[in-house]
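Below is one structure, written out as structure tokens; comments come after it.
What follows is calculated from the coordinates using simple rules that are stated; it is not laboratory data. All of these numbers come straight from a predicted model, not from anything done at the bench. Note that each Cβ is placed from the backbone with ideal geometry, even for glycine, and that neighbours are counted across all protein chains shown.
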Amino acid sequence: MNQVFVSWSGGKDSCFACYRATLSGLKVRYLLNMADVHGQRSWFHGLSRKLLQMQARAAGIPLVQRASTMAGYEANFRDAVLALKKDGVSGGVFGDIDLEEHREWVERMCRQVDVRPHLPLWGLSQEKVLRDFIDTGFEAVITLAKADLFGRDWLGQKVDLDFLSHLSKLRETKDIQPCGESGEYHTFVTDGPMFNQRIEILQTRRVLRKGYWRLQILRAELRGK
């Protein structure tokens, strides 16, 4: 069985790619996350280490987190994968869907460390990915959203059919990717068929920073399903 790591953000696309990879017969050994230089929050999604560790425990898959500056991101990513290769990992799973520059980056990084890239969501319509994510039983909340597209009240809301409907209306007048591939919004997965426990969010704070609404999750707990 091919052993792989998943490039893990804590959001819906990396999680769904992990799930689809497992269904295809790949053995997911590690969740690999790149964090800021202090190792406290993930790059791009800004999720705390504690929240990512909760997801890893719920999924029963070890989390490997590597701190990095933005300038050193690629080198640190390569070093992290090379370390996983020593433990038998031969491939990486990525949640990219249709942005060619993202795929080119994935393939270039994997080529440099001689691992095989797997992109289970590649080429699917973003609407289908989002609907399949919901229909499969995953749950996620919106943790970051562009303020010119989403109001404050969307923070903490579930990615569900109501959200899909809102996206459809937005796309009538705005250039927006349904899965947020261009950074329109980010999510945090709290439950799903690959989790043995669910994450309950107990305390949050909403802040507006640099044109984005951000949900700071101050307290959360793992609960039984």
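Computed quantities for the displayed model
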| quantity | calculated |
| --- | --- |
| Globularity ratio of region 3-118, using Cα Rg and 2.2 N^0.38 Å | 0.97 |
| Per-residue ³J(HN,Hα) for region 24-33, Karplus 6.51 cos²θ - 1.76 cosθ + 1.60, θ = phi - 60°, Hz, x for Gly and Pro | 7, x, 6, 9, 7, 8, 9, 9, 9, 10 |
| Estimated dipole of the chain in Debye, rounded to 20 [Cβ of Lys and Arg +1, of Asp and Glu -1, Cα centre] | 840 |
| J(HN,Hα) series, region 2-14, from Karplus relation 6.51 cos²θ - 1.76 cosθ + 1.60, nearest Hz, glycine and proline x | 5, 9, 9, 9, 10, 6, 10, 9, x, x, 5, 5, 5 |
| Sequence-distant residues sharing a close amide H with A35 (under 5 Å, placed H) | W43, R66, A67, S68 |
| Share antiparallel - DSSP beta bridges, the chain, percent rounded to 5 | 60 |
| Order by protection proxy (mean Cβ within 10 Å, highest first), peptides 203-213, 125-135, 161-171 | 125-135, 161-171, 203-213 |
| From phi via Karplus (6.51, -1.76, 1.60), per-residue ³J(HN,Hα) for region 141-147 in Hz, x at Gly/Pro | 10, 7, 10, 8, 8, 5, 5 |
| Residues of type lysines that K50 reaches as a straight line, Cα spacing below 19 Å, ignoring anything fewer than 8 places off in the same chain | K12 |
| Debye equation applied to the C-alpha atoms of the chain, log10 I(q)/I(0) at 0.10, 0.12 Å⁻¹ | -0.42, -0.62 |
| In region 59-174, lysine pairs closer than 18 Å at Cα, eight or more apart or cross-chain | 6 |
| Separation between Cα centres of region 104-156 and region 185-209, rounded to whole Å | 15 |
| Positive-end residue of L161, W122, Q112, charge dipole of region 112-169 with Cβ unit charges | Q112 |
| Ordering of 175-184, 49-58 by packing [mean C-beta count within 10 Å, highest first] | 49-58, 175-184 |
| Mean separation of Cα contacts under 8 Å (6+ apart) over length of the chain, as relative contact order % | 21 |
| Mean projected area (nm²) of the alpha-carbon convex hull when region 126-223 is viewed from all directions | 6.3 |
